[in-house]
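Here is the structure we will look at, set down as structure tokens.
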There are 2 protein chains.
Amino acid sequence: MTERLTTFAAGDTGQWRVRSVRAVSGESLPLAAALDVRAAGAKPGDRWSLAGVTSNERYVTRPEKEQLVARQAGLGRAGPMLGALIPIRKSAAWWAMTQDERRAIFEAQSKHIQIGMDYLPAIARRLYHCRDLGKCAPFDFLTWFEYAPADETQFNALLQALRATPEWQYVEREVDIRLARASAPR
Amino acid sequence: MTERLTTFAAGDTGQWRVRSVRAVSGESLPLAAALDVRAAGAKPGDRWSLAGVTSNERYVTRPEKEQLVARQAGLGRAGPMLGALIPIRKSAAWWAMTQDERRAIFEAQSKHIQIGMDYLPAIARRLYHCRDLGKCAPFDFLTWFEYAPADETQFNALLQALRATPEWQYVEREVDIRLARASAPR
């Protein structure tokens, strides 16, 4: 499963230049010059690092998945590219709910999938899970976004829409890290 | 999250005596005299060890959860107790399915929750997840069972019923490790 693990390491060097680090809820993370995205784990020079795994779908149904796949763009597009890493931790109350209760808040009440769909293909996205990594992880998810500089207004609108949903009442820590690609995509 | 991680370590000593190790599907695991169940990780003397985390519900709905909670017995009951550790890996085809597709096979087609309910409170059970641990784990789940010696026939019937379901067509590795408690519950 190692190939599903990605480490996001803040430090002096990396493929992404850090533009800003802002706490949306709870404690922030220390500022650093760059973010290195790598398959290998933490290294001695890192200021801090967060790891997560890509995993199976938790809420999306087959018809929703087909709509998403038809509309979405891949990561690593050519040209100047901005990025965002948004680590999130949800509350104990969220995790104590059963699958049907979480799905009801996620989509029936909050339209999480539909809101994301409205911003495709401009905003490309990948979700990494860290809640079940087994070691003490400060976040449950790491959400990664890539978009062209002209689409940053749209990206801000997407975040504003999600943060206004009933689902976000269960978010107890959220850090918004804005990035700009410093080197060509690998 | 450390408190959700449990290690099952096979070796010379442990709270559980190993009665048998049998491959149901795919490769088996090496036989050992005892199984140690601990919060700490692997130790130098272990023959092998598997780790998993307890996590949120993946398929159960609130009405199902309430029925389960009303009927189930806790782990660590007094008296002589048999146990079983059944590590399972499911196929890539299973994990490529969306949530609604997996739930349909799990319950609508296979009655996984209903079958388990039929054997409560005799068979106590806890599920540990290892698919998203981040390191190369050979299994996706570790299922732990405890039951009185007189209930082993029932336990075998439970496993036979589950293994005959459509869900089990997606199980590509399964090892059935039978145990007997060697010491009083902690």
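Observations on the model:
- For the range A:1-31, the set of residues classified as open to solvent by 60 Å² or more (accessible area, probe 1.4 Å) and assigned to a strand (DSSP E or B) consists of A:R17, A:R19, A:R22, listed by residue number.
- Residues that are within 26 Å of A:R131 (Cα to Cα) and open to solvent by 30 Å² or more (accessible area, probe 1.4 Å) within the range A:77-102 comprise A:R89, A:A92, A:A93, A:W95, A:A96, A:D100, A:E101, listed in sequence order.
- Qualifying residue in the range A:51-69 (condition: open to solvent by less than 20 Å² (accessible area, probe 1.4 Å) and closer than 17 Å to A:F145 by Cα): yes
- Scanning the range B:50-97 for residues that are of a type outside the set (A, V, I, L, M), assigned to a loop (DSSP other than H, G, I, E, B) and within 20 Å of B:W168 (Cβ to Cβ) gives B:R58, B:Y59, B:S91.
- For B:A180, the test of being in contact with a strand residue (DSSP E or B) (Cβ under 6 Å, 6 or more places away or on another chain), surrounded by fewer than 20 Cβ atoms within 10 Å (Cβ to Cβ) and either in contact (Cβ under 8 Å) with a residue 12 or more places away in the chain or farther than 30 Å from A:L50 by Cα (or both) is passed.
- Of the residues making up the range B:103-148, those that are more than 30 Å from B:A180 (Cβ to Cβ), within 14 Å of chain A (Cβ to nearest Cβ) and touching a helix residue (DSSP H, G or I) at 6+ places or on another chain (Cβ under 7 Å) are B:I105, B:F106, B:E107, B:K135, B:C136.
- Checked against the criterion of being under 30 Å from A:I113 (Cα atoms) and in contact with a Gly (Cβ under 6 Å, 6 or more places away or on another chain), the candidates B:H129, B:H112 yield just one match: B:H129.
- Looking only at the range A:40-49, and only at residues there that are in a loop (DSSP other than H, G, I, E, B) and away from every other protein chain (no Cβ under 14 Å), the one that is surrounded by the fewest Cβ atoms within 10 Å (Cβ to Cβ): A:P44
- Residue within the range B:32-39 that is within 30 Å of A:Q99 (Cα to Cα), part of a loop (DSSP other than H, G, I, E, B), touching a Cys at 6+ places or on another chain (Cβ under 7 Å) and modelled with pLDDT under 95 present: no
- Number of the exception - A:Q72 against (1) in contact with a Lys or Arg (Cβ under 8 Å, 6 or more places away or on another chain); (2) open to solvent by less than 40 Å² (accessible area, probe 1.4 Å): (2)
- Scanning the range B:98-128 for residues that are assigned to a strand (DSSP E or B) and either aliphatic (A, V, I, L, M) or out of contact with any Leu (no Cβ under 8 Å at 6 or more places or on another chain) (or both) turns up B:A124, B:R125, B:L127.
- Applying the condition of being of a type in the set (D, E, K, R) and free of Cβ contacts under 8 Å to residues at least 24 places away in the same chain to the range A:71-102 and asking which residue is farthest from the other protein chains (Cβ to nearest Cβ) yields A:E101.
- Verdict on B:R62 being basic (K, R) and within 14 Å of chain A (Cβ to nearest Cβ): yes
- Qualifying residue in the range B:168-177 (condition: assigned to a strand (DSSP E or B), more than 14 Å from chain A (Cβ to nearest Cβ) and touching an Asp or Glu at 6+ places or on another chain (Cβ under 9 Å)): yes
The values are calculated or read from the model by the stated rules, or taken from the named source; none is laboratory data. Since the model is a prediction, treat every value here as computed from it, not as a measurement. Cβ atoms come from the backbone with ideal geometry, glycine included; neighbour counts cover every protein chain shown. For the accessible areas, the whole protein counts, side chains as well, though only heavy atoms, and no ligand, DNA or RNA atoms are used. Shrake-Rupley method; radii C 1.70, N 1.55, O 1.52, S 1.80 Å.
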